[in-house]
1. From A128, A78, which residue is more than 20 Å from Y154 (Cα to Cα), at pLDDT 95 or above and crowded, with 19+ Cβ neighbours inside 10 Å?
2. Need a quick list: helices (runs of 4 or more DSSP H) entirely within the range 78-167 having at least 2 residues that are under 14 Å from C64 (Cα atoms) and either aromatic (F, W, Y) or in the same structural domain as G67 (by TED's automatic domain parsing) (or both).
3. Which residues, counting only those in the range 51-102, are closer than 14 Å to A30 by Cα, touching a helix residue (DSSP H, G or I) at 6+ places or on another chain (Cβ under 7 Å) and of a type outside the set (A, V, I, L, M)?
4. Take N273 and decide whether it is under 30 Å from L185 (Cβ atoms) and either outside the structural domain of L190 (by TED's automatic domain parsing) or in contact with a Leu (Cβ under 9 Å, 6 or more places away or on another chain) (or both).
5. Could you go through the range 115-133 and let me know if any residue there is in contact with a strand residue (DSSP E or B) (Cβ under 7 Å, 6 or more places away or on another chain) and within 25 Å of A262 (Cα to Cα).
6. Taking only the range 188-203 into account, find how many residues are surrounded by fewer than 20 Cβ atoms within 10 Å (Cβ to Cβ) and assigned to a helix (DSSP H, G or I).
7. Mind listing whichever residues of the range 249-268 are surrounded by 15 or more Cβ atoms within 10 Å (Cβ to Cβ), more than 23 Å from Y239 (Cα to Cα) and either touching a Cys at 6+ places or on another chain (Cβ under 8 Å) or in contact (Cβ under 8 Å) with a residue 40 or more places away in the chain (or both)?
8. Listed residues L279, L271, L185, L234; which is of a type in the set (A, V, I, L, M), touching a Gly at 6+ places or on another chain (Cβ under 9 Å) and without any contact (Cβ under 8 Å) to a residue 40 or more places away in the chain?
Amino acid sequence: MEITRARPSLYGEIAHGLGFWTDRSAVHEAAAQGRALQLQQLIEAGAAVNIVAVDSITPLHEACVQGQTQCVRLLLDAGAQVDARNIDGSTPLCDACAAGSLECVKLLLEYGATVNPPLFTFSPLHEACMGGNSDCVQLMIDQGAFMEAHDCHYGTPLHVACARQHYGCAKVLLNAGANVNAAKLHETALHHAAKTKNADLIELLVEFGGNVYARDNLNKKPIQYTSLGSPSYLSLEFYEKTPLSLQQISRVAVRRVLGNRAHEVIYKLGLPNRIISFLSYMPPPTIEI
């Protein structure tokens, strides 16, 4: 079996460290295609697991993009750098979240992957929201992901979830205490929901305190991005004309005060189950007769 090795360079022994620019190697190919036996043989023969191809992509990046959990484990066991960055600044954890590979995400975290890397682009949580992977979103939040991490182009993870119409991801973020009115150039998640004409997302955001009167950098309210008479228009029109109920105002106020501690604290208040369900945005408990 022919093994691709790093060519000699002035850096000498870094061949088994960061590696250096090369064509796509046999290690990359095996990792991406899930050929675990071949990958193991390459590693045992001394192939560099951190060798980088074009755009600084490592074999670990490749395995995570494709959700190849067994190959990810082999690479990490062999010393692959868990927080290696490609040319865009993305780490393997970003790629695993984007791919929606929950097992790869868990494995990377087990090996010490940084949940909140100092990136200049999407965070792993942004990537999970972009891909609509609500399980990964929840896991990242449980591991301490910053829900207000701000990408200069896309905004917060909630902005991304709403722009891509991933209702499940948006609900996970909001339940965990994400700021519903966080702004990117004065544009809120509700503006995104209006632009995508998604009435379900609009309703969800308003329930969590989304401001229907917020204006973006073009001085437009969310309703101004909908079509006259459409479901999304009618929904926003209703919310603009109808004051929130006292119950709703109370729920939003409690959530605003507690922030991302709401889910934990509400259950310790000694309130009736029905009120706890309401404050937690859960269906009311079933009463058996």
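The values are calculated or read from the model by the stated rules, or taken from the named source; none is laboratory data. Since we're looking at a predicted model, the values are computed, not measured. Here the Cβ is made from the backbone with ideal geometry for all residues, glycine too, and neighbour counts use every protein chain on show.
1. A78
2. 92-99, 102-110
3. Selection gives P59, H61, E62, C64, Q66, G67, Q68, T69, Q70, C71, R73.
4. Details: under 30 Å from L185 (Cβ atoms): no; either outside the structural domain of L190 (by TED's automatic domain parsing) or in contact with a Leu (Cβ under 9 Å, 6 or more places away or on another chain) (or both): yes.
Against the criterion (under 30 Å from L185 (Cβ atoms) and either outside the structural domain of L190 (by TED's automatic domain parsing) or in contact with a Leu (Cβ under 9 Å, 6 or more places away or on another chain) (or both)), N273 does not qualify.
5. Quick first cut of the range 115-133, residues in contact with a strand residue (DSSP E or B) (Cβ under 7 Å, 6 or more places away or on another chain) only: 121-122, 126.
Next, from what is left, pick out any that are within 25 Å of A262 (Cα to Cα): 126.
Yes, some residue in the range 115-133 is in contact with a strand residue (DSSP E or B) (Cβ under 7 Å, 6 or more places away or on another chain) and within 25 Å of A262 (Cα to Cα).
6. 4
7. Once the filter is applied, which keeps residues that are surrounded by 15 or more Cβ atoms within 10 Å (Cβ to Cβ), more than 23 Å from Y239 (Cα to Cα) and either touching a Cys at 6+ places or on another chain (Cβ under 8 Å) or in contact (Cβ under 8 Å) with a residue 40 or more places away in the chain (or both), the range 249-268 yields L258, N260, A262, H263.
8. Every option except L185 fails the conditions.
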